[in-house]
Amino acid sequence: MPHDHHHHALPDTGDTRVLWAVIVNVALTLAQIVAGVISGSLAMIADAIHNLSDALSLIIAFFARRIARRPADADMTFGYGRAEVVAALVNYTTLIVIALYLVSEGIGRLFNPIEVEGWIVVIVAGIAFVVDAVTALLIMRLSRDSVNMRAAFLHNIADALGSIAVIVAGVLILLYDWRLIDPILTLVIAGYILWHSATGLRPVIRILMLASPDDPPLEEVLAALEGMPGVASIHHVHLWRMQEHEVSLDAHVVIDGSKAPAELRATLRQMLSDRFGIHHGMIEMETAEESCADAARIGH
């Protein structure tokens, strides 16, 4: 059977982009932590911690990309492509933990606001925004085809928005000495992170749980199989994502005898490939006499 490997042959230029993104984020994190401590801004320290998570997420994404390229072997007969999915799970989970920490700290500051040095906040947050924007641009193209890189990309988008929020907080503190804006914006940043992390986590968990993909829909695939000439019925069907971009099918097909089993199997595989992009799977042919008794149409 033909296999579609184009999503695994990731270019070295992508690795270089990720590596540069790591370097600039680590440098920015150190600068933000120092500035946050000096200025007393919780929002800036929150942004620095989030930025550190960006660097860690990019490091995880970098190594996951490299591991995913390894070919199948005796230990991993399906290959290493899911390393990127696992990396995405780690990154989204880290984001959620960080967001909950920021919620806790922000609530504490609401009841005990402290003096914040507005100018330091504005200047360093402005630099942070530029770095976040550059980092996002470095990995934006890579994020289109990888759940792993999308998780890392979300880190940076959230950070860029966080930097804008910190700039706003610094300006309001300078103009009106409104100290409560610092924890308020911290809570807004945390809420944004939680919302997007929860949204991104769902497809990652579905892949790891071998859930049926949204596209192609399982019922549509079943209808196409059952409507093919020579097919009497289908049972024991499994449809799942081997990796993010590779859908696999396992099915028992009961034949009606009007076509040779080998010819019918080849026709079904061709239809699955052409119509649904399913290039990997196993189709077991059965006669009515050999068919499993009381077999479930989906699953075992």
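The values are calculated or read from the model by the stated rules, or taken from the named source; none is laboratory data. Computed from a prediction, not measured in an experiment: that's the story for all the values here. Every residue, glycine as well, gets a Cβ built from its backbone with ideal geometry; the counts of neighbours run over all protein chains shown. Note: areas computed on protein heavy atoms with side chains; ligands, DNA, RNA excluded. Shrake-Rupley method; radii C 1.70, N 1.55, O 1.52, S 1.80 Å.
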Options Met282, Met228, Met271; residue that is touching a residue at least 24 places away in the same chain (Cβ under 8 Å) and open to solvent by 60 Å² or more (accessible area, probe 1.4 Å) = Met282
Of these, Val166, Val134, which one is among the hydrophobic types (A, V, I, L, M, F, W, C), within 13 Å of Ala21 (Cβ to Cβ), touching a residue at least 24 places away in the same chain (Cβ under 8 Å) and in a helix (DSSP H, G or I)?
-> Val134
Could you check how many residues of segment 99-120 are outside any helix (DSSP H, G or I) and either exposed (fewer than 14 other Cβ atoms within 10 Å of the Cβ) or at pLDDT 80 or above (or both)?
-> 3
Pairs where the first residue, in segment 77-104, is under 16 Å from Leu56 (Cα atoms) and the second is part of a loop (DSSP other than H, G, I, E, B) and of a type outside the set (Val, Ile, Thr), C-beta under 6 Å, 6+ apart | Glu84/Ser146
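Quick one: would you say Ile278 is in a loop (DSSP other than H, G, I, E, B) and in contact with a Leu (Cβ under 8 Å, 6 or more places away or on another chain)?
It is true that Ile278 is in a loop (DSSP other than H, G, I, E, B) and in contact with a Leu (Cβ under 8 Å, 6 or more places away or on another chain).
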Out of all the residues in segment 240-253, which are open to solvent by 10 Å² or more (accessible area, probe 1.4 Å) and assigned to a strand (DSSP E or B)?
-> Trp240, Arg241, Met242, Gln243, Glu246, Val247, Asp250, His252
(1) at pLDDT 85 or above; (2) over 20 Å from Arg109 (Cα atoms); (3) of a type outside the set (D, E, K, R): which one isn't true of Gly200, the others all being true?
-> (1)
Single match in Ile96, Ile127, Ile123, Ile67 (criterion: open to solvent by 30 Å² or more (accessible area, probe 1.4 Å) and touching a Phe, Trp or Tyr at 6+ places or on another chain (Cβ under 7 Å)) = Ile67
